[in-house]
Amino acid sequence: MPTTQIDFPILQQFFCVVESRTGLPPQPLDARPAQLMEAQKKERQEDDRTPKQLPKGVVLGPDGKPCRSCTSFAAWASMTKQQDQRPTTTFSKQIASTTPTAPRPDCPPDVDQLGRSTWTLLHTMTANYPERPSPTQQSETRQFLSLFGKMYPCWVCADDFRAWVKEGNEPRVSNREEFGRWMCEAHNAVNVKLGKSSFDCNRWEERWRTGWKDGSCD
Ligand SMILES: Cc1cc2nc3c(=O)[nH]c(=O)nc-3n(C[C@H](O)[C@H](O)[C@H](O)COP(=O)(O)OP(=O)(O)OC[C@H]3O[C@@H](n4cnc5c(N)ncnc54)[C@H](O)[C@@H]3O)c2cc1C
């Protein structure tokens, strides 16, 4: 007979104390591997579940789960903090949670980090675009931007980018200056949407190709 089925009030009291001190509900002392595996499986399922109430700013992905690349670090951290406060399950250890104010540099990117890195790539591509691109280069650049608009990991950002392109903002790729300005305008469209100030597109080349005229990048 499993120990937990023994009707000893003193034992029950002991298990209550164990549970209140460790957060671990009493386990049969002679739990078989199958029972342990079942309990661990249940715990994993509970850990995987999506919180029913998402904090403001957490965006769900197409799979219905929170999309890290679409969400700011602050919103993500407030969600994970909320999850940490759930009652602990069978084998979970209570991990003291402190909310960091900034993401570690070696964690998956949030929407802002991904955005900054992506704009760096995109503007640097325009900075290195030929002054006289061949028809093939122009066509491949359009293809790249079209695929980029479909594959950008922040799907809400990608949707808005495609919508902006369709609103009469087809990529202008006939030469470097045109492409650089077009990218600057694409970036400004996002800046405006996010309530940020617009960048002066007359200075896109200083920012991304030559460095500032005052020589501070030299
Ligand atoms: C295609 C795309 C769509 C996005 N959509 C969203 C969205 O819907 N919601 C969201 O929260 N985030 C979105 N982002 C991320 C967002 O644009 C920013 O990258 C993020 O908010 C971080 O902003 P930041 O202030 O650090 O600087 P960023 O906006 O990333 O800019 C980086 C640097 O680029 C320079 N810069 C700024 N504007 C311009 C410009 N117009 N032309 C040239 N250089 C410029 C500045 O020196 C700036 O420091 C998107 C990113 C991309 C690539």
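General observations
- Inclusion of ARG203 among residues that are over 29 Å from PRO62 (Cβ atoms), within 13 Å of the ligand (Cβ to nearest atom), touching a helix residue (DSSP H, G or I) at 6+ places or on another chain (Cβ under 8 Å) and in a helix (DSSP H, G or I) is not warranted.
- Unique residue being surrounded by 16 or more Cβ atoms within 10 Å (Cβ to Cβ) and out of contact with any Pro (no Cβ under 9 Å at 6 or more places or on another chain) when the list is PHE199, PHE179, PHE161: PHE161
- Scanning the stretch 206-218 for residues that are touching a Phe, Trp or Tyr at 6+ places or on another chain (Cβ under 7 Å), in contact (Cβ under 8 Å) with a residue 40 or more places away in the chain and surrounded by 13 or more Cβ atoms within 10 Å (Cβ to Cβ) turns up nothing.
- Filtered by the rule that a residue be surrounded by fewer than 11 Cβ atoms within 10 Å (Cβ to Cβ) and either more than 29 Å from VAL59 (Cα to Cα) or touching a residue at least 40 places away in the same chain (Cβ under 8 Å) (or both), the stretch 123-156 gives ASN128, GLU131, ARG132, SER134, PRO135, THR136.
Each value in this text was obtained by applying a stated rule to the coordinates, not by laboratory testing. For clarity, every value in this text was computed on a predicted model and none was experimentally measured. All Cβ positions, glycine included, derive from the backbone under ideal geometry; neighbour counts span all protein chains shown.
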